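Quick notes on the structure that follows.
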Amino acid sequence: MSSNLTLSREDIVRLSERFEGAQTRAYAIPKLTNEYPGMTIADSYAVQTQLRRRFIEQGHKLIGWKAGLTSKAKMVQMGVDVPSIGFLTDRMARPENSAISVSDLIHPRVECEVAFVMKHELRGPNCTAEQVLAATDYVLPAVEVIDSRFSGFKFDLESVIADNSSSARFVGGGRARYVEDIDLRTLGVVIEINGEMVAMGASAAVLGHPAEAIAMVVNILAELGEVLPAGSFVMSGAITEAIAVKPGDSVVARFQELGSVSMRFVE
Ligand code: OOG
Ligand code: MG
């Protein structure tokens, strides 16, 4: 992937600083391709990698990865037709049933996802869904709170990957299950906000089977020269479109077989 770089080392470092500022101080910036129309996906992952290194240097702990834009509903909503990945750190995690502040976010949206916890390391390329299932310790339901750093939540694939695929917060919870005990393809999910159903779907919406999304994460990691370590927490991508939230909103994501995940949003 590094062979397709068009940005200089200086540009990559400067852009990672731009994202760090926008994330930590919660302000929107124009999408990157306005300034760098010729940038490539390799450039985008180079900026994301630099951002990850900056956070790790500051003491953030890498706890896993996420797949993004893995369902038709998300691709249609965002106008992008290729999935992406992003990294997850300890600073993004929030406890189940907690109050999540929106004052340090720009325009948060919630998504419901199946999360995998790995018992064995996985390496690409050519990682398959079968290998993912064999390497999985258990799955659990999760809600991701995404927050694009781009104005109007508008972007293209190059821009969103550089922005760590809009990663902001996430909440894992519900009931953990072994993959052999459930059919991961047919899990129904419902999202409720303030008691009203706002979205619903089934897990096959994610690339036909959520384990396919984890295999994709492993194969993109291989292109970045990385492996997926044992113990990683990996989210497979939103099943339905993302739903905007505001202070006062109470969110419950109900998953068939996996229980529910709740949180509320405050100022
Ligand atoms: C990009 C991140 C998408 C998902 O689960 O599809 C994502 C975005 O839509 O802002 O996290
Ligand atoms: Mg997501």
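Residue-level check: of (1) crowded, with 16+ Cβ neighbours inside 10 Å; (2) part of a strand (DSSP E or B), Glu257 misses just (2). Residues in region 105-120 that are assigned to a loop (DSSP other than H, G, I, E, B) and touching a helix residue (DSSP H, G or I) at 6+ places or on another chain (Cβ under 7 Å) were compared, and the one that is nearest to ligand 2 (Cβ to nearest atom) is His107. Of all residues in region 77-98, one or more are among the polar types (S, T, N, Q), at pLDDT 95 or above and on the phi > 0 side of the Ramachandran plot.
If the condition is being within 16 Å of Ser166 (Cβ to Cβ) and out of contact with any strand residue (DSSP E or B) (no Cβ under 9 Å at 6 or more places or on another chain), then region 19-40 contributes Glu20, Thr24, Ala26, Tyr27, Thr33. Answer with yes or no whether Glu130 is among the charged types (D, E, K, R) and within 16 Å of ligand 1 (Cβ to nearest atom). So Glu130 does not fit the description; no.
Please state which one of Ala67, Ala46, Ala73 is of a type in the set (A, V, I, L, M), closer than 19 Å to Thr89 by Cβ and within 16 Å of ligand 2 (Cβ to nearest atom).
Ala67
Can you pull out the residues in region 240-253 that are within 19 Å of the chain's Cα centre (by Cα) and not in a loop (DSSP other than H, G, I, E, B)? Please lay out each step first, then the result.
So in region 240-253, the residues within 19 Å of the chain's Cα centre (by Cα) come out as 240-245, 251-253.
Result: Ile243, Ala244, Val251, Val252, Ala253.
For first residues located in region 140-161 and touching a residue at least 12 places away in the same chain (Cβ under 8 Å) and closer than 19 Å to Gly259 by Cα, partners that are of a type in the set (S, T, N, Q) and more than 8 Å from ligand 1 (Cβ to nearest atom) and lie 6+ apart or on another chain with Cβ distances below 8 Å form the pairs Pro141/Ser260. Out of all the residues in region 225-251, which are surrounded by fewer than 18 Cβ atoms within 10 Å (Cβ to Cβ) and touching a Ser or Thr at 6+ places or on another chain (Cβ under 8 Å)? Ser250 - this is the single residue of region 225-251 that is surrounded by fewer than 18 Cβ atoms within 10 Å (Cβ to Cβ) and touching a Ser or Thr at 6+ places or on another chain (Cβ under 8 Å).
Applying the criterion of at least 3 residues that are in contact with a helix residue (DSSP H, G or I) (Cβ under 7 Å, 6 or more places away or on another chain) to the helices (runs of 4 or more DSSP H) found wholly in region 18-101 leaves 41-57.
The values are calculated or read from the model by the stated rules, or taken from the named source; none is laboratory data. Bear in mind the structure is a predicted one, so any value in this text is a computation, not a measurement. Quick reminder, even Gly has a Cβ in these numbers, built from the backbone with ideal geometry, and neighbours come from all protein chains shown.
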